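*Asks:* Take this structure, written in structure tokens, and hold onto it; I'll ask about it next.
The values are calculated or read from the model by the stated rules, or taken from the named source; none is laboratory data. As the structure is a computational prediction, the values presented were derived from the model and not from experiment. With ideal geometry, Cβ positions are generated from the backbone for all residues, glycine too; neighbour counts draw on all protein chains shown. To get the accessible areas, we keep the full protein, side chains included, count just its heavy atoms, and leave off ligands, DNA and RNA. Shrake-Rupley method; radii C 1.70, N 1.55, O 1.52, S 1.80 Å.
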Amino acid sequence: NNKEVIKMSNIKERVVKGKYQKGDLYKRERHEAINYIEEKYPETAKEFQRLQFEQYLLFCKKQMDYGPSNIAMGTSLDTDEEKRLSKIGLIVRINDKVQRLINLVVKNNRKAQNEPTIDAFKDLACYGIIAQIVEAGKWGK
């Protein structure tokens, strides 16, 4: 739908031009897929949105503690090589979480002794988004 593309491009344009207003990206943009899922599977849709907010809050709290340099690996992320280094660091973190899940859920089918396995899934969701932010050149900015 052209109207949809124009709406989204206007949002992207405002963000690109530095005119991002808090909440711009979270305004309720309607799309037929959203309408369909929210109507057909309202509990799933509501829970997905609740979890997204929970993830965002967790991300913000962790960033207050860590700051951006842990993901940037001490670089400014200005070059492709610096972004690559950052993504390698993220891949190592992701692999740690995946290996933990494989060990606990697939191989041994037992409860974790330290943090619940669901925390590994939460971390994986955040790392995927962080990698996209790094790739876009927006990390720590």
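*Asks:* If you take the residues of segment 129-141 that are open to solvent by 40 Å² or more (accessible area, probe 1.4 Å) and in a helix (DSSP H, G or I), which of them is farthest from E82 (Cα to Cα)?
*Replies:* I129
*Asks:* If you don't mind, another one. Residues in segment 21-30: is at least one among the polar types (S, T, N, Q) and either at pLDDT 95 or above or part of a loop (DSSP other than H, G, I, E, B) (or both)?
*Replies:* yes
*Asks:* How do the pairs read when you match residues in segment 43-54 that are farther than 20 Å from G128 by Cα and assigned to a helix (DSSP H, G or I) with residues anywhere that are hydrophobic (A, V, I, L, M, F, W, C) and modelled with pLDDT under 95, using Cβ under 6 Å and keeping only pairs 6 or more apart or on different chains?
*Replies:* A45/I37
*Asks:* Another question, if that's okay. Answer yes if at least one residue in segment 70-79 is in a helix (DSSP H, G or I) and acidic (D, E), and no otherwise.
*Replies:* No.
*Asks:* Within segment 106-128, how many residues are open to solvent by less than 100 Å² (accessible area, probe 1.4 Å) and either within 14 Å of the chain's Cα centre (by Cα) or of a type outside the set (S, T, N, Q) (or both)?
*Replies:* 13
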